[in-house]
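The structure under discussion appears below in the form of structure tokens.
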Amino acid sequence: MKKQNVRTLSLIVGTFTYLLVGAAVFDRLESLTAEHKASILSKIEKQWMAKHGVSSEDYRIMEVIVLGGVPRKAGKQWKFAGALYYATTVLTTIGYGHSTPNTIQGKIFTVIYAVVGIPLCLVLFHSIGERLNKVFSMIIRGIKKILKLKSVDVTDVDLILAVTTCSTITITAGAAVFSSIEQWTYFDSVYYCVITLFTIGTASSPSSP
């Protein structure tokens, strides 16, 4: 196996391991606080319903109307899956904003985690980009040979067109998946894929008010 491939594979394994460790730490730091807040909110909710004579079903309907969506759809935020999601948005610098630590320890760890992890992730992306560049070059040369063009050299324009095509396919296919799973409009799904791919990140998902 070539050294470059070993380097890329090592970076993938290292970054994924770093993500898992980060998720475990965030889970440990934030889950208890999140559960405590949820318990307090649940008590307040029951007291409010008892005071105003509102049934649980009517309260849920009101909650849906106020929030503009199904409440707590994502489940418990700071269990391992939610913590892994947050760690991923930190390392990739997407930063959607709807997952944020509540504890001081969690915020401090986020800073340390980002300082170490973001450069690691950037190196990984660069290495993967090099591999993709070679793959695209091989495909383009093969197409030019099939078309029997005079020159089979790969130009920068060829690579730009290949990357643009690949990005377009990624966005349109990803949008179709999000539209099906999340029940978003296709336009909102495309929007979400674009802000994710370009690591723009916004404070809410398309379904949020």
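Does residue 13 qualify as being at negative phi, in a helix (DSSP H, G or I) and either of a type outside the set (D, E, K, R) or at pLDDT 85 or above (or both)? Yes: the conditions hold for residue 13.
Going through the stretch 143-175 one residue at a time, which ones are hydroxyl-bearing (Ser, Thr, Tyr), loosely packed, with under 12 Cβ neighbours inside 10 Å and at pLDDT 90 or above? Answer for the stretch 143-175, where residues must be hydroxyl-bearing (Ser, Thr, Tyr), loosely packed, with under 12 Cβ neighbours inside 10 Å and at pLDDT 90 or above: 155, 164, 165, 168. With respect to (1) surrounded by 15 or more Cβ atoms within 10 Å (Cβ to Cβ); (2) modelled with pLDDT under 90, the lone exception for residue 109 is condition (2). Annotation note: of 56, 31, the sole residue that is among the hydroxyl-bearing types (Ser, Thr, Tyr), within 23 Å of the chain's Cα centre (by Cα) and at pLDDT below 85 is 31. The C-beta contact set for the stretch 105-130 (first residue touching a residue at least 60 places away in the same chain (Cβ under 8 Å) and more than 12 Å from residue 18 (Cα to Cα), second residue surrounded by 13 or more Cβ atoms within 10 Å (Cβ to Cβ) and aromatic (Phe, Trp, Tyr), distance under 6 angstrom, 6+ apart or interchain) is empty. Do we have residue 180 as surrounded by 14 or more Cβ atoms within 10 Å (Cβ to Cβ), assigned to a helix (DSSP H, G or I) and not hydrophobic (A, V, I, L, M, F, W, C) here? Judged against the criteria, residue 180 is not a match.
Take residue 140 and tell me if it is of a type in the set (Val, Ile, Thr), surrounded by 14 or more Cβ atoms within 10 Å (Cβ to Cβ), in contact with a Gly (Cβ under 7 Å, 6 or more places away or on another chain) and outside any loop (DSSP other than H, G, I, E, B). No, not satisfied.
Only one of the numbered conditions (1) farther than 18 Å from residue 6 by Cβ; (2) part of a helix (DSSP H, G or I); (3) touching a residue at least 24 places away in the same chain (Cβ under 8 Å); (4) not polar (S, T, N, Q) is not met by residue 98, and that is (2).
The values are calculated or read from the model by the stated rules, or taken from the named source; none is laboratory data. For clarity, every value in this text was computed on a predicted model and none was experimentally measured. Because the Cβ atoms are built from the backbone with ideal geometry, glycine has one as well, and the counts that use them run over all protein chains shown.
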